[in-house]
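All remarks here apply to the structure that follows.
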Amino acid sequence: MKDSEKHLQDLAQIRSMMERSSRFLSLSGLSGVFAGIYALIGAMAAYKLLGVHIREALSSPTLFVANIGGIEDFNIPFLLIPCSVLIAALISGYYFTWRNAQKNKQQIWTKTSWLMLANLFVPLAAGGLFCLILIFHGIYFLLASSTLIFYGLALINASKYTLDEIRYLGISEIIIGLLAAVFVGYGLLFWAIGFGVIHIVYGGVMYFKYEKNN
């Protein structure tokens with residue numbers, strides 16, 4: 001009986017070592033929580049820039065489409081919001097992940113982490129270029145859905161090199177992005193849910209599952 005238990009423990013240790021060598025496990029859930037908070041702040045700023053109150057957007061979705069289609073200087077102030085959200089999320093994401101790696105005595109920049117970033121970057125770059133094409137043609141109302149869908153694809157593509165929760169996060173983002181493409185009047189609201197609420201939920205789950213008690 002003792003020999004079988006010892007064999008099971010040895011197998012568990014071998015599996016854990018293989019997982020650590022093939023996956024980037026230092027990703028912090030707090031980075032997702034803070035990214036979600038930044039996204040919610042960005043969504044509120046976007047509604048304010050559009051001159052649309054959130055209650056008005058919920059009751060009259062066509063108002064959102066009309067206002068976003070009429071912004072003449074859309075390319076400058078409006079794009080500063082997602083860019084600011086992205087920069088803030090990247091900074092806090094790197095900090096919390098670095099802190100988590102230091103706590104677990106792990107390295108951040110490994111072959112696995114570079115593979116994860118490479119797999120994440122390709123769909124993100126394609127999505128960014130696609131969004132620029134939409135802006136060029138004045139198709140602003142599909143920007144929210146496009147960013148969500150391509151972001152979800154990027155997460156799924158990179159999930160094989162990190163935590164399993166990232167795959168489910170990517171699937172959630174794609175579903176919300178498709179809904180945003182159908183209900184275009186609620187595009188910004190779905191964007192806030194996808195990048196804001198869902199990030200906070202998944203980030204919180206990851207934090208309490210992997211970090212809080214370690």
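We did not get these values from a lab; they are worked out from the coordinates using the rules stated. The model shown is predicted, which means the values in this text are computed figures rather than measured ones. Cβ: placed from backbone, ideal geometry, glycine included. Neighbour counts: every protein chain shown.
Some points to look at:
- Rg/Rh for region 138-192, where both radii come from Cα atoms and Rh is the Kirkwood radius: 1.05
- Scanning residues 5 or more positions from Leu27 or on other chains, none has an amide H under 5 Å from its amide H, with H placed 1.01 Å from N in the peptide plane.
- Cα-only Debye scattering, region 92-166: base-10 log of I(q)/I(0) at q = 0.13, 0.16, 0.18 Å⁻¹: -0.50, -0.68, -0.79
- Integer Hz, Karplus 6.51/-1.76/1.60 couplings in order for region 188-202, x for Gly and Pro: 5, 5, 5, 4, 5, 5, x, 7, x, 4, 5, 4, 5, 5, 5
- If R0 is taken as 41 Å, the Cβ-Cβ distance between Ile135 and Ile171 corresponds to a FRET efficiency of 0.95.
- The slack in the chain from Ala126 to Leu86, taken as 0.36 nm per residue of separation less the alpha-carbon distance, amounts to 12.8 nm.
- Kirkwood hydrodynamic radius computed over region 73-214 comes to 16.1 Å, based on all pairs of distinct alpha carbons.
- Modelled FRET efficiency - R0 45 Å, Lys212 with Ala45, Cβ distances, 0.05 increments: 0.90
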